[in-house]
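**Student:** Below you'll find the structure I mean.
FYI, it's all coordinate maths here, none of it is from the lab. Note that the structure is predicted; figures quoted are calculated from it, not measured. Note that each Cβ is placed from the backbone with ideal geometry, even for glycine, and that neighbours are counted across all protein chains shown.
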Amino acid sequence: MWSLTKRPLTFRNGKFKILQLTDLHLDTLEDIQRATAMTHNLITWEDPDFVMLTGDLITSKLGGKEFYESHWKQYTQVLLERKVPWALALGNHDVEGSISPAEIMLLDSSAALSYSELSPDPSLGFSTYKIPIYKDQELKKVIWVFDSGQEVTHKGVTGYSNVSVEAVKWYQETSEGVEGLGFVHIPLPEFLEVVHERNFKGVAGEPVCCSMINSGLFAAILNKGDIKGVFVGHDHLNDFVGELYGVKLGYGRVSNGIEDYRGLKRGCRVICLFEEGDLDTYIVEHDRTLVRYQEPIKKFPFLQVVSGKP
């Protein structure tokens, strides 16, 4: 499933730096202008090798297919101009309009610097794929992208969807044991345990809004031992990173156009992969403030619940 039409992604001086931008919600011209300016600045400050867009790029129900395509084209122009490759994981708000998930992925993958791929089978979702990172010609790391869907369709269960069982099986069958990272929009249910045990650093500003169904992706990751961290979006008031059984579970920083999202400045998460050794991660805000949390910051007094509505 490796793409043969794109330039291979490679380490630079032993490091591969990813900017995770999430929940941009490019719904108005003002949103696009602010996000474009912020992305331009973040690229200048951080000099990344790759940008990972973890869903809710555009609220598709606000317009038709042309609305989505126009807003996508206006925003991705900054990535093309700055010559930074990127990939997209679909979010629930991306797929609730008249443009289909397959059309979105085909649109994004058509760009010269996009490494997005339409999943080979709809049972996997539409944005489930993997991207190799090389040192010279040796495969060193893998970026796994998973589609978390929109709404649960199982009888008797309501709320947000989950990475499909078929996608979990695909991961198990195609993993070659090479270390890497996972990206998905809706958090895995295991994020609940991280917060409950307070084994995290950063802001837990709202409950984890995950699916009521656990399809077994985290268990498969533990069994394979190759994915060292899973990073998500979806919950705009969370930006923490925790650890569960040796796997990092983290949120990006909400990146949408407003200046301050209920106490969190818009920005991005930076994730540095190294040829050898552990990963490094921190947050950069739109005003260039660098944030490295040293403790958990829990801002709600109740236990976690699932299937909220951010």
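**Student:** For a quick protection proxy, order the peptides 138-145, 201-208 by their average other-Cβ count within 10 Å, most packed first.
**Tutor:** 201-208, 138-145
**Student:** Let me ask something else. Determine the distance separating the Cα centre of the stretch 48-101 from the Cα centre of the stretch 162-192; give it in Å without decimals.
**Tutor:** 22
**Student:** In addition: Please report the relative contact order for the stretch 86-180, taking Cα pairs under 8 Å with a sequence separation of at least 6, and give it as a percent rounded to a whole number.
**Tutor:** 25
**Student:** Does the stretch 1-71 come out rounded, prolate or oblate, given a ≥ b ≥ c as the square roots of the eigenvalues of its C-alpha gyration tensor, rounded meaning a/c under 1.5 and, failing that, prolate meaning a/b above b/c?
**Tutor:** It is oblate, given that a/c is not under 1.5 and a/b is not larger than b/c.
**Student:** Another question, if that's okay. Using 1/(1 + (r/R0)^6) with R0 = 41 angstrom and r between the beta carbons of residue 12 and residue 212, what's the FRET efficiency to the nearest 0.05?
**Tutor:** 0.45
**Student:** Let me ask something else. Residue 73: which lysines have alpha carbons under 27 Å from its alpha carbon, excluding same-chain residues fewer than 8 sequence positions away?
**Tutor:** Filter leaves 6, 17, 61, 65, 83, 130, 265.
**Student:** Additional query: When percent of Cα pairs over 31 Å apart is calculated directly from the model, which label among (1) 36; (2) 31; (3) 21 fits?
**Tutor:** The value computed from this structure is option (3).
**Student:** By per-residue mean of other Cβ atoms within 10 Å, what is the highest-first order of 87-93, 67-73?
**Tutor:** 87-93, 67-73
**Student:** Could you check what % of the DSSP bridge pairs in the chain are antiparallel, to the nearest 5?
**Tutor:** So the antiparallel bridges in the chain amount to around 55 percent.
**Student:** Rounded to the nearest 0.05, what FRET efficiency do residue 158 and residue 47 have when you use their Cβ-Cβ distance and R0 = 41 Å?
**Tutor:** In this case the efficiency is close to 0.40.
**Student:** HN-Hα J couplings of the stretch 240-247 from phi, Karplus 6.51/-1.76/1.60, θ = phi - 60°, integer Hz, Gly and Pro as x?
**Tutor:** Karplus values, whole Hz, x for Gly and Pro: 7, 10, x, 9, 9, 6, x, 10.
**Student:** Could you list the residues of the stretch 223-237 with an amide nitrogen less than 17 Å from a label point located 7 Å from the Cα of residue 199 in the Cα-to-C-beta direction?
**Tutor:** Answer for the stretch 223-237: 223-231.
**Student:** Let me have the relative contact order for the chain, percent, based on Cα pairs under 8 Å that are six or more residues apart.
**Tutor:** Result for the chain is 20 percent.
**Student:** With n ≥ 4 as the cut-off for DSSP H runs, can you work out [θ] at 222 nm for the chain, using -39500 (n - 2.57) per run divided by the number of residues, rounded to the nearest 500?
**Tutor:** It comes out at -7000 deg cm²/dmol, rounded to the nearest 500.
**Student:** Report the full-extension gain for the segment residue 179 to residue 40: residue separation times 0.36 nm, less the Cα-Cα distance, to one decimal in nm.
**Tutor:** Contour length minus the Cα-Cα distance gives 47.1 nm.
**Student:** While we're looking at this one, here's another question. Grab the beta carbon distance between residue 224 and residue 98, set R0 = 51 Å, and tell me the FRET efficiency rounded to 0.05.
**Tutor:** Efficiency, from the Cβ-Cβ distance: 0.85.
**Student:** What residues from the stretch 123-158 fall in the zone where the backbone N is under 19 Å from a label point 7 Å along the Cα-to-C-beta line of residue 106?
**Tutor:** 123-129
**Student:** Hey, another quick one. In terms of the Cα gyration tensor, with a ≥ b ≥ c the square roots of its eigenvalues, is the stretch 192-290 rounded because a/c is under 1.5, prolate because a/b exceeds b/c, or oblate?
**Tutor:** Oblate, because a/c is 1.5 or more while a/b does not exceed b/c.
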